[in-house]
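The values are calculated or read from the model by the stated rules, or taken from the named source; none is laboratory data. In this text, all values refer to a predicted model and were calculated from it rather than measured experimentally. Ideal geometry is used to build each Cβ from the backbone, glycine not excepted, and the neighbour counts take in all protein chains shown. Just so you know, the surface numbers come from the protein's heavy atoms only, side chains and all, with ligands and any DNA or RNA stripped out. Shrake-Rupley method; radii C 1.70, N 1.55, O 1.52, S 1.80 Å.
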Amino acid sequence: GRVMVNKELRGLGSEGSTRHIEINIEDSSIEYQTADNIAILPENPSHLVEKLAKKLNYDLEQYFELEYKENHKALFPTPCTVRHALTSYVDICQVPRKRTVERFIEFAK
């Protein structure tokens with residue numbers, strides 16, 4: 001669909017971005033219910049994923065699973081490969097947000 005409205009909802013100086021986006025889906029097979037949300041997950045370029053994995057000595061084809069403490073929301077679906085996580089779920093093109101680093105701390109050994 002075509003983007004009809006794209007507005008930033010957070011003020012200047014705010015950490016992160018929250019956008020109000022309206023998409024015309026009239027000519028698509030997408031069904032929408034009032035208050036539905038959509039997640040748009042851009043992918044990191046493969047050459048950057050491979051460069052990072054090489055620098056960190058990661059096996060991109062290695063599967064892993066995150067184990068969460070009770071009542072913790074999943075960061076992303078696992079099990080998955082390191083390649084899939086770095087490509088689809090981790091923003092490797094920007095400095096990580098403090099909140100993101102804090103959420104990953106519980107998985108560090």
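Here are the numbers for this structure:
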{"quantity": "Amide H contacts of Cys80 (H built 1.01 Å from N, under 5 Å, at least 5 apart or other chain)", "calculated": "Phe64"}
{"quantity": "Which of Gln33, Cys93, Leu56, positive extreme of dipole for the range 21-109 (C-beta unit charges)", "calculated": "Leu56"}
{"quantity": "Approximate spin-label separation Lys98-His20, in nm, with each point projected 7 Å along Cα-to-Cβ", "calculated": "2.8 nm"}
{"quantity": "Cα pair distances in the chain, grouped into 5 Å bins until the bin that holds the longest one, percent each", "calculated": "2, 8, 14, 18, 18, 15, 14, 9, 3, 0"}
{"quantity": "Angle in degrees between helix 46-56 and the longest Cα principal axis of the chain, rounded to the nearest 10", "calculated": "30 degrees"}
{"quantity": "Percentage of interatomic Cα-Cα distances in the range 47-109 larger than 13 Å", "calculated": "68 percent"}
{"quantity": "Whole-percent carbon and sulfur share, accessible surface of the range 1-43, 1.4 Å", "calculated": "49 percent"}
{"quantity": "Per residue accessible area of the chain, 1.4 Å probe, in Å²", "calculated": "88 Å²"}
{"quantity": "Candidate lysines - alpha carbon under 22 Å from Lys73, same-chain residues fewer than 8 apart omitted", "calculated": "Lys98, Lys109"}
{"quantity": "Solvent-accessible surface (1.4 angstrom probe) belonging to Arg19, in square angstrom, nearest 10", "calculated": "110 Å²"}
{"quantity": "Chymotrypsin sites (Phe, Trp or Tyr not before Pro) restricted to DSSP loop in the range 54-96 with at most 14 other C-beta within 10 Å", "calculated": "Tyr68"}
